[in-house]
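Asker: Mind looking over this structure? Questions follow.
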Amino acid sequence: MKLKHLFLIPLAGITITLSAQTHKKKAATAPATAATTLPRPKLVVGIMVDQMRWDYLYRYYDRYQSNGFKRLLGEGFSCENTLIDYIPTVTAAGHTCVYTGSVPALHGIAGNDFVIQATGQSVYCTRDTTVKAVGCPPAVEGQNSPRNLLTTTVTDELRLATNFRSKVIGIALKDRGGILPGGHTANAAYWFEDKSGNWITSTYYMNVLPQWLKDFNDQKLPETYLKQDWIPAYALDSYVQSTADINRYEGKFKGTDTPSLPVKTSALYKNNLGLIRSTPYGNTLTLDMAIAAINGEKLGQGDVTDFLAVSFSSTDYVGHQFGPNSIEIEDTYLKLDRDFASLFTFLDAKLGKGNYTVFLTADHGAAHNPNFLNDHNIPAGMWSSNTVRAELNKYLLDKYKVENLAISFGNYQVSLNNASIKYARLDEDAIKKDCIDFLSKQEGVAYAIDMAKAQTANIPDELRTRIINGYNVEHSGVIQIILKPGWYDAYSKTGTTHGTWNPYDAHIPLVFMGWGIPHGRLNRETHMTDIAATVAALLHIQAPNGCIGKPIVEALK
Ligand SMILES: [Zn+2]
């Protein structure tokens, strides 16, 4: 039997016609080319909800509308036990992990800010001083690119797989929330600039904003929204899932007397359009921008699969200010639910139901406010890295006669002053041991671990794995501090934060819906690193080049 394996060029649409085997009963000169198709969705929409704990899917379930979160759960596939595989659980590392399937040890985004160990310099994850802002007057907020990212993303792999015919766009109020998911080869990433109120980009991507975005910015939507004030969606006493509105756990807006709704944003926003970030309007504006990008770039309307990576950041700003038990965060999720309903309805109309794939996940969760927990007899506490670092440096100064030997406690890691250690010819191992002894005695500290010896540390395996995965030799400190459950490094007595290994920070939602996705739910443990592997499998493309996750095969048809 003669096999003729022709590989024909991709046809219009998203169909690739493969060869046909010559039917052995037919003349060898007349191969029958039966078309088998390699179908793909028209568009993938990766949705990240910044600081969304997994339990928010259910905490507010009774009040979600039928076509937002409930549609995702009702039609899609939910991986109910998806965990983050590394520490620190922060925004930049989370967005990077979801799209690379990789961990800080490999992808290099070791925090929102991280210390370059060779120089002692602190670097912002996407800061790139070689590029300039596009879309606003010169601003440092525009000097961003994905250059610090050391691996490819699944969006890069889609671009490579289609010889750059697929379009990839990243969008988020936060620069890092749009840039890192878009990868190195994105057609664009766009983020919000507070002073101008514009969505901007950098010269890494282009020199002039596309006309559709200029038109979008000209609508001045941030003012329009803020003028309407933050009014709760329901009567305040009906928010039964949250603490009564005025309490000591929440941070108030500057210029207001109490941390409560409604917020007169119309009176507060003058000269500060960035206020929109900390209101549900920030998410609605992000939705408007996503829809403008789909229309403006005709995403999902060409011959190949496109990818829109959109991250909703306001949930994080509101979460930090008010905490998980606040009416403000409940109201923010109820409004986000309505925004998602609008997005899915729009996508159905634009691309056809079932022609696109959506996934929703988060970059990290958040803790409860420790005072709130203490008031309910649950052990928790606030730690102060600044205070403890100052005390540690005093102790080291007494012993080694060198100032500021611990230069940073960022990301719950101790970065040492390597230049001073070298200059004074000090013994780094002895200093590390002194730091560990000192830190281990501090209130709230469960462990202080020498990064180089994590493999043999007497700690639970789950912690060991997360430390090793999070440790980037060039970008991470040399000692990992693990606080006790319920404790965090508090920059404020109100609100909350995240960054630890604990389930409240590391258990994230993961729901797929649409093209190629069966309906169902999975309770076995899955990992944040599995998301990119699963999307790559769905699209029949290579996994990103630092991916250590595995496809969640149950979530694929
Ligand atoms: Zn975040």
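The values are calculated or read from the model by the stated rules, or taken from the named source; none is laboratory data. Here the structure is a predicted model, which means the values were calculated and not measured. Neighbour counts are summed over all protein chains in view; Cβ atoms, including those assigned to glycine, are modelled from backbone coordinates with ideal geometry.
Asker: What do you reckon, is residue 417 outside the structural domain of residue 302 (by TED's automatic domain parsing), surrounded by 21 or more Cβ atoms within 10 Å (Cβ to Cβ), modelled with pLDDT of 95 or more and within 16 Å of the ligand (Cβ to nearest atom)?
Answerer: no
Asker: Before we move on, is residue 448 surrounded by fewer than 21 Cβ atoms within 10 Å (Cβ to Cβ) and more than 22 Å from the chain's Cα centre (by Cα)?
Answerer: no
Asker: So, in the stretch 227-265, of the ones that are of a type in the set (Gly, Ala, Ser) and farther than 20 Å from residue 281 by Cα, which residue ends up surrounded by the most Cβ atoms within 10 Å (Cβ to Cβ)?
Answerer: Here the residue is 242.
Asker: Continuing with this model, one more query. Given the conditions (1) in a loop (DSSP other than H, G, I, E, B); (2) in the same structural domain as residue 319 (by TED's automatic domain parsing); (3) of a type outside the set (Ser, Thr, Tyr), which single one is not true for residue 522?
Answerer: (1)
Asker: Here's another thing I want to ask about it. Looking only at residues that are within 16 Å of the ligand (Cβ to nearest atom) and either assigned to a helix (DSSP H, G or I) or of a type outside the set (Gly, Ala, Ser) (or both) in the stretch 349-392, which one is farthest from the chain's Cα centre (by Cα)?
Answerer: By that ranking, first place goes to 360.
Asker: So, one more: Within 16 Å of the ligand (Cβ to nearest atom), buried (at least 24 other Cβ atoms within 10 Å of the Cβ), on the phi < 0 side of the Ramachandran plot and assigned to a helix (DSSP H, G or I), is that true of residue 177?
Answerer: yes
Here is a yes/no grid of residues against (1) within 16 Å of the ligand (Cβ to nearest atom); (2) outside the structural domain of residue 505 (by TED's automatic domain parsing); (3) at pLDDT 95 or above; (4) surrounded by fewer than 17 Cβ atoms within 10 Å (Cβ to Cβ):
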{"site": "26", "(1), (2), (3), (4)": "no, yes, no, yes"}
{"site": "54", "(1), (2), (3), (4)": "yes, no, yes, no"}
{"site": "60", "(1), (2), (3), (4)": "no, no, yes, no"}
{"site": "78", "(1), (2), (3), (4)": "no, no, yes, no"}
{"site": "89", "(1), (2), (3), (4)": "yes, no, yes, no"}
{"site": "99", "(1), (2), (3), (4)": "yes, no, yes, no"}
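Asker: Please work out which residue is nearest to residue 49 (Cα to Cα), limiting yourself to the stretch 488-519 and to residues that are among the small types (Gly, Ala, Ser) and in contact with an Asp or Glu (Cβ under 7 Å, 6 or more places away or on another chain).
Answerer: Only one residue fits best here, namely 499.
Asker: Of all residues in the stretch 357-396, how many are in contact with a Phe, Trp or Tyr (Cβ under 6 Å, 6 or more places away or on another chain) and either over 30 Å from residue 437 (Cα atoms) or without any contact (Cβ under 8 Å) to a residue 40 or more places away in the chain (or both)?
Answerer: The qualifying residues number 5.
Asker: Something else: Any residue in the stretch 424-444 that is crowded, with 17+ Cβ neighbours inside 10 Å, at pLDDT 95 or above and not in a helix (DSSP H, G or I)?
Answerer: There is at least one residue in the stretch 424-444 that is crowded, with 17+ Cβ neighbours inside 10 Å, at pLDDT 95 or above and not in a helix (DSSP H, G or I).
Asker: From the residues in the stretch 314-339 that are under 13 Å from residue 247 (Cβ atoms) and of a type in the set (Gly, Ala, Ser), which one is farthest from the ligand (Cβ to nearest atom)?
Answerer: 326
Asker: Follow-up. When you scan the stretch 475-486, do you find a residue that is surrounded by 24 or more Cβ atoms within 10 Å (Cβ to Cβ), of a type outside the set (Val, Ile, Thr) and within 16 Å of the ligand (Cβ to nearest atom), even just one?
Answerer: Among the residues of the stretch 475-486, not one is surrounded by 24 or more Cβ atoms within 10 Å (Cβ to Cβ), of a type outside the set (Val, Ile, Thr) and within 16 Å of the ligand (Cβ to nearest atom), which makes the answer no.
Asker: Turning to a different aspect of this structure: What do you reckon, is residue 331 within 26 Å of residue 259 (Cβ to Cβ) and out of contact with any Ser or Thr (no Cβ under 7 Å at 6 or more places or on another chain)?
Answerer: yes
Asker: Mind checking which residues of the stretch 189-216 are outside any loop (DSSP other than H, G, I, E, B), among the acidic types (Asp, Glu) and touching a Gly at 6+ places or on another chain (Cβ under 8 Å)?
Answerer: 193, the sole residue that qualifies.
Asker: What is the one condition in (1) over 26 Å from residue 168 (Cα atoms); (2) out of contact with any Asp or Glu (no Cβ under 9 Å at 6 or more places or on another chain) that residue 132 does not satisfy?
Answerer: Unmet for residue 132, out of (1) over 26 Å from residue 168 (Cα atoms); (2) out of contact with any Asp or Glu (no Cβ under 9 Å at 6 or more places or on another chain): (1).
Asker: Now a separate question. Check whether at least one residue in the stretch 173-181 is touching a residue at least 60 places away in the same chain (Cβ under 8 Å), over 30 Å from residue 546 (Cβ atoms) and in the same structural domain as residue 286 (by TED's automatic domain parsing), and report yes or no.
Answerer: No: zero hits.
Asker: Continuing with the same structure: For residue 500, indicate whether it is modelled with pLDDT of 95 or more, surrounded by 24 or more Cβ atoms within 10 Å (Cβ to Cβ) and under 16 Å from residue 380 (Cβ atoms).
Answerer: For residue 500, the condition - modelled with pLDDT of 95 or more, surrounded by 24 or more Cβ atoms within 10 Å (Cβ to Cβ) and under 16 Å from residue 380 (Cβ atoms) - is met.
Asker: Would the stretch 393-412 turn up any residue that is surrounded by fewer than 18 Cβ atoms within 10 Å (Cβ to Cβ), charged (D, E, K, R) and modelled with pLDDT under 95?
Answerer: no
Asker: Please state which of the following conditions residue 153 fails to meet, knowing it meets all the rest: (1) of a type in the set (Val, Ile, Thr); (2) within 19 Å of the chain's Cα centre (by Cα); (3) over 26 Å from residue 531 (Cβ atoms).
Answerer: Just one mismatch for residue 153, condition (3).
Asker: Quick one: which residue in 110, 186, 118 is in a loop (DSSP other than H, G, I, E, B), within 16 Å of the ligand (Cβ to nearest atom), in contact (Cβ under 8 Å) with a residue 40 or more places away in the chain and not polar (S, T, N, Q)?
Answerer: When all the criteria are applied, what remains is 110.
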